[in-house]
1. Would it be correct to say that Leu318 is at pLDDT 95 or above, part of a helix (DSSP H, G or I) and surrounded by fewer than 21 Cβ atoms within 10 Å (Cβ to Cβ)?
2. Return yes or no: is Gln231 in contact (Cβ under 8 Å) with a residue 60 or more places away in the chain, surrounded by fewer than 21 Cβ atoms within 10 Å (Cβ to Cβ) and at negative phi?
3. Tally up the residues in the range 333-353 that are in contact (Cβ under 8 Å) with a residue 40 or more places away in the chain and either of a type outside the set (D, E, K, R) or part of a loop (DSSP other than H, G, I, E, B) (or both), please.
4. Among (1) over 19 Å from Leu137 (Cα atoms); (2) at pLDDT below 55, which single condition is Thr8 missing?
5. Across the range 182-227, what is the total count of residues that are under 12 Å from Met52 (Cα atoms) and modelled with pLDDT of 85 or more?
6. If we keep just the residues of the range 321-331 that are outside any loop (DSSP other than H, G, I, E, B) and in contact with a helix residue (DSSP H, G or I) (Cβ under 6 Å, 6 or more places away or on another chain), which is surrounded by the fewest Cβ atoms within 10 Å (Cβ to Cβ)?
7. Among the numbered conditions (1) modelled with pLDDT of 90 or more; (2) touching a Phe, Trp or Tyr at 6+ places or on another chain (Cβ under 9 Å); (3) more than 21 Å from Val228 (Cβ to Cβ); (4) not hydroxyl-bearing (Ser, Thr, Tyr), tell me where Pro51 comes up short.
8. Name the residue that is surrounded by the fewest Cβ atoms within 10 Å (Cβ to Cβ), counting only residues in the range 277-315 that are assigned to a helix (DSSP H, G or I) and β-branched (Val, Ile, Thr).
Amino acid sequence: MDDGVTETAPAAATATRGPTDPDDRIVSLDVLRGFALLGILVINIWLFALPMVGWLDPTLYGDLSGGNYAAWFVSHVFFEQKFVTLFTFLFGAGIVLFMQSKERSDQPARRLHFTRTFWLLVIGLAHAYLLWYGDILVAYACCGFLVVFVRKWGPKRLLALGLIMFAFPALIYLLSGVGYVVSDAGTQAEIESQILGSFGAGPDEIDQEIAAYQGGWLEQVEFRASTVFTQQTVGFISETFWQLGGLMLIGMALFKWDVLSNGRSRAFYRRLLVAGGTTGLALILTGVWYRELVAWDTAQVLLLAYLFNYWGSLLLALAYVAGIMLLCRAAAGGRIETALAAVGRTAFSNYLLQTVLATSIFYGYGLGLFATLSRLELLGVVVLIWAIQVPLSVAWLQRYRFGPVEWCWRTLTYGERQPMRRE
């Protein structure tokens, strides 16, 4: 969604009122954003295509053997939480970039930031209630209203606060998990029942969810409204703000250290790739081992095993950052960089396009394939959507300056029609 990042390169000092020219951008940020946008679909496809418990705990719905286990394993180890982490880093960096460029050109930076964040919130609310409960735009907007006030802090302070915020929900999960483990059998059964009930894991609830999403659009809107409201209120206050807000601050710090803009040495990125990759994978794989050790006990999976991936994803995401920066140097101007950058420059449009395509495939107003495909088959759907988005993004930017949603967002932000066609 230009990832919440409208401007991605410092603008020259000018009194001109408007967004950064699309040809004046930090390419590495666009490539990283495109990489994140494509990767996040590997996990979002579970939310589009399966009952909620299917992505919450894969043993609770569907087959988890053979190729389906391999599909889950690859998705969990290399994709789950890693790509939303990258996206959120970039959102934080984008706030810094946007404010700096507006302040440099004597524009009302704070007012423009709050205006564009307000419209992000509006679009997110429509996306969440009308199309898909997995929306992240509302959470980004709500965090964006708040984290902007610390954007001028030094990178060390931003990193410290970001890590503290990020650690807060992890601490709650840890304490809850320990409390579960030391409880008696009766209390454990009650806790697990409450967890499963909150996610609609009972047979009747699963059947109702399947019927709703294989049904008509109005039925779906009514069914998901309570879920969306809970996520955007209780869920945001108790967990989402701390996790995403913390990652945004870490993203600000990384940008100020020139990590995201490909400003560090090759040796630095190689060290980050190796250190982040090895430690991150070690944690994540330990979490997989722990799941098997406790025989996929639902409460322990959600409260304790989850933490290995929570922290491992942060480290592996940093390794991905390093890998993309090295790619941008090794393949500058090549097809891979061009394709990923095109997806990144139209990320807002592509994020919503993923929803339109996926819901048209899985929901009742389209093909109605909700809860009918295996995990392995769902990865095939991901590849199909990629095959649509990548060439479409490249072709679009050959004729137009912005993606269609990016153009609308910019026009709303600046209060005047932005030029769309390339000259």
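The values are calculated or read from the model by the stated rules, or taken from the named source; none is laboratory data. This is a predicted model, so every value here is computed, not measured. Neighbour counts are summed over all protein chains in view; Cβ atoms, including those assigned to glycine, are modelled from backbone coordinates with ideal geometry.
1. Considered against the rule, which asks whether it is at pLDDT 95 or above, part of a helix (DSSP H, G or I) and surrounded by fewer than 21 Cβ atoms within 10 Å (Cβ to Cβ), Leu318 comes out as no.
2. For Gln231, the condition - in contact (Cβ under 8 Å) with a residue 60 or more places away in the chain, surrounded by fewer than 21 Cβ atoms within 10 Å (Cβ to Cβ) and at negative phi - is met.
3. The qualifying residues number 14.
4. Status for Thr8: all satisfied but (1).
5. Going through the range 182-227 one residue at a time, the tally reaches 9.
6. By that ranking, first place goes to Leu326.
7. Going through (1) modelled with pLDDT of 90 or more; (2) touching a Phe, Trp or Tyr at 6+ places or on another chain (Cβ under 9 Å); (3) more than 21 Å from Val228 (Cβ to Cβ); (4) not hydroxyl-bearing (Ser, Thr, Tyr) one by one, Pro51 breaks only (3).
8. Thr278
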